[in-house]
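One structure is given here, and the rest of the page talks about it.
The values are calculated or read from the model by the stated rules, or taken from the named source; none is laboratory data. These numbers come from a predicted model, not from an experiment. Here the Cβ positions follow ideal geometry from the backbone for every residue, glycine too, while neighbour counts run over all protein chains shown. Calculation scope for accessible area: heavy atoms of the full protein, side chains included, ligands and nucleic acids excluded. Shrake-Rupley method; radii C 1.70, N 1.55, O 1.52, S 1.80 Å.
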Amino acid sequence: MPPYLTPLLVVLVPLVGMSALHLFLPVVAPEMMAAAGVDPTAYGWIAGAAGIGSIWLYMSNHGITPALGPVRTLRVGILIGLAGAALAMTAYLPLMVIGAVLLGFGYSTSTPAGSQILADQTPKANWSMLFSLRQAGVPLGGVVAGGLGGLLIAQFGWRLAFALIGLICLTLALVLLFVPRSYNTTRPLKAFRLSAIFSPSNLQRPFRALGLAPGLIRLALACAGFATVQSAFFSFYVIYLHAGLGYGLALSGTLFAVLQASSVLGRIVLGFVADRLGSPRPVLVALSICSAGSAVLVATLDPGHGTLFLASVSALAGASVATWNGLYLAEAASLAPPESVSEAVAGTTFFVFLTYTVTPPIFGALTDAFGYEAAFLAAAAGAASSGVVLFSGRKRSGNDQSQAQRTTSPE
């Protein structure tokens with residue numbers, strides 16, 4: 001058995017369950033918002049609240065993963081996420097918002113903790129592939145949320161469906177009870193202080209983390225553009241198909257599952273390609289172009305398209321807008337000092353989830369004002385900006401190296 005298989009399964013299996021729970025929110029959004037007595041586009045605020053929970057985690061991670069250890073952090077995150085899901089099921093808007101914050105917080109523990117486990121337990125030469133495989137757990141959870149979740153809603157109603165998805169999440173998390181103890185103590189643990197989670201100084205942490213290594217600032221800027229288009233799709237694709245174009249909720253959920261499934265395959269394939277190229281950066285540049293094109297294509301959909309065409313569009317979108325995550329994590333982990341991988345990943349991911357937080361309300365406002373088409377075109381512009389940032393960074397790096405060679409070479 002390959003030595004990296006065990007750490008991969010440790011971070012992957014619980015992530016599938018937690019992602020299913022997290023991504024069930026946009027699937028159940030039409031029913032949930034109707035039960036709360038508000039317009040479906042108001043779901044943007046629930047999605048934004050989940051983003052707030054995530055950025056709270058990334059700001060305070062310095063007091064969580066280094067203190068609890070990555071395995072315990074994953075365990076605690078599952079429990080917090082399940083508590084958040086229970087509040088979301090109340091259909092009482094204030095509690096739904098609080099529940100979304102907790103769900104986002106719990107879900108996001110998987111990124112710094114899982115990245116630390118992979119960085120400590122696997123060879124660096126395989127990081128692009130392994131980080132992409134690990135991140136494939138996110139859309140794989142989306143397949144469960146969209147495919148199985150949509151059927152559960154039709155069969156049992158949205159609340160019981162939510163509870164059953166939570167049970168799946170808890171079941172998959174049981175693997176964390178059998179993890180070797182050494183995985184949690186690879187690095188010395190700090191003393192846990194609850195105040196570290198609520199300290200106002202946490203607001204400075206993500207910005208300091210970007211100074212851990214050259215290139216992290218540019219990477220964070222690029223990822224914000226990727227996060228814009230992914231957040232638009234993950235938060236509103238089902239609502240767009242169902243409420244905007246009039247397709248049934250079961251079909252809309254299935255198409256969401258198709259989008260997620262193609263993302264699973266895309267993350268694995270692109271991780272392999274990035275390892276062979278020696279860097280994920282050129283793959284990320286190509287993805288920015290494809291992501292922008294997918295958003296433009298989705299903006300042109302209308303109610304008359306057949307199921308096969310819609311499935312093809314969904315697959316293309318999933319393979320482009322939601323396959324960048326593992327590549328950027330591998331890049332961030334590669335840039336950071338070995339002892340600071342968790343902090344560097346948390347710092348850069350803070351800006352990703354900050355984008356996840358602001359995008360849904362803005363997308364909802366654009367939809368109300370100008371329609372879904374304009375909102376998806378705006379998301380396309382965000383994706384295109386990522387390619388510009390990454391490509392200009394590559395060109396500038398090449399110029400800097402040439403300048404250094406001229407400076408050090410004898411005349």
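Report the equivalent ellipsoid semi-axes for segment 1-124 in whole Å, largest first, defined as the square roots of five times the eigenvalues of the gyration tensor built from alpha carbon atoms.
On the way: eigenvalues 186, 43, 22 Å².
Ellipsoid half-lengths, sorted descending, are 30, 15, 10 Å.
When the Cα atoms of segment 150-299 are enclosed in a convex hull and the volume is divided per residue, what value in Å³ results? Don't skip to the answer; put the middle values down first.
Working: hull volume 32.0 nm³, N = 150.
Expressed per residue, the convex hull around the Cα atoms of segment 150-299 is 213 Å³.
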- Message: Can you give me the distance in nm between label points at L151 and F207, each placed 7 Å from the Cα along the Cα-to-Cβ direction?
- Response: 5.0 nm
- Percent relative contact order of segment 80-239, based on C-alpha pairs within less than 8 angstrom and at least six residues apart? 14 percent
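When the chain is fully extended, how far beyond the present Cα-Cα distance does A34 get from A365, taking 0.36 nm per residue of separation?
Working: separation 331, 0.36 × 331 = 119.16 nm, distance 1.85 nm.
Extra length from A34 to A365 when fully extended: 117.3 nm.
Scanning the chain for helices, which whole DSSP H stretches are 18 Å or more long along the axis (Cα) and average -1.0 or more by Kyte-Doolittle? Intermediate values should be presented prior to the final figure.
Values: long enough: 5-36 (43 Å, 1.82); 43-60 (26 Å, 0.94); 70-88 (27 Å, 1.44); 93-108 (22 Å, 1.86); 158-173 (22 Å, 2.01); 216-239 (34 Å, 1.65); 249-277 (41 Å, 1.39); 281-299 (27 Å, 1.76); 307-321 (21 Å, 1.75); 341-370 (42 Å, 1.09); 372-408 (55 Å, -0.24).
Passing helices, by number: 5-36, 43-60, 70-88, 93-108, 158-173, 216-239, 249-277, 281-299, 307-321, 341-370, 372-408.
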- Message: Considering all projection directions equally, how large on average is the shadow of the alpha-carbon convex hull of segment 172-250, in square nanometres?
- Response: 10.1 nm²
- Carbon and sulfur: what percent of the chain's accessible surface (1.4 Å probe)? 69 percent
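Where does the chain land on Rg/Rh, using Cα atoms and the Kirkwood Rh?
On the way: Rg = 20.4 Å, Rh = 21.1 Å.
Reported Rg/Rh (Cα atoms, Kirkwood Rh): 0.97.
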- Label zone at L5 (point 7 Å along Cα-to-Cβ), backbone N below 20 Å, segment 126-152: 126-137
- In nanometres, what is the gap between the two model label sites at S195 and L79, each 7 Å from Cα along Cα-to-Cβ? 2.4 nm
- Expressed as a whole-number percentage, the relative contact order of the chain with C-alpha contacts under 8 angstrom and at least six residues apart is 27 percent
- Item | P(r) weight above 17 Å for segment 316-398, C-alpha pairs, percent | 62 percent
- Taking Cα pairs closer than 8 Å and at least 6 residues apart, the relative contact order of segment 1-155 in percent is 40 percent
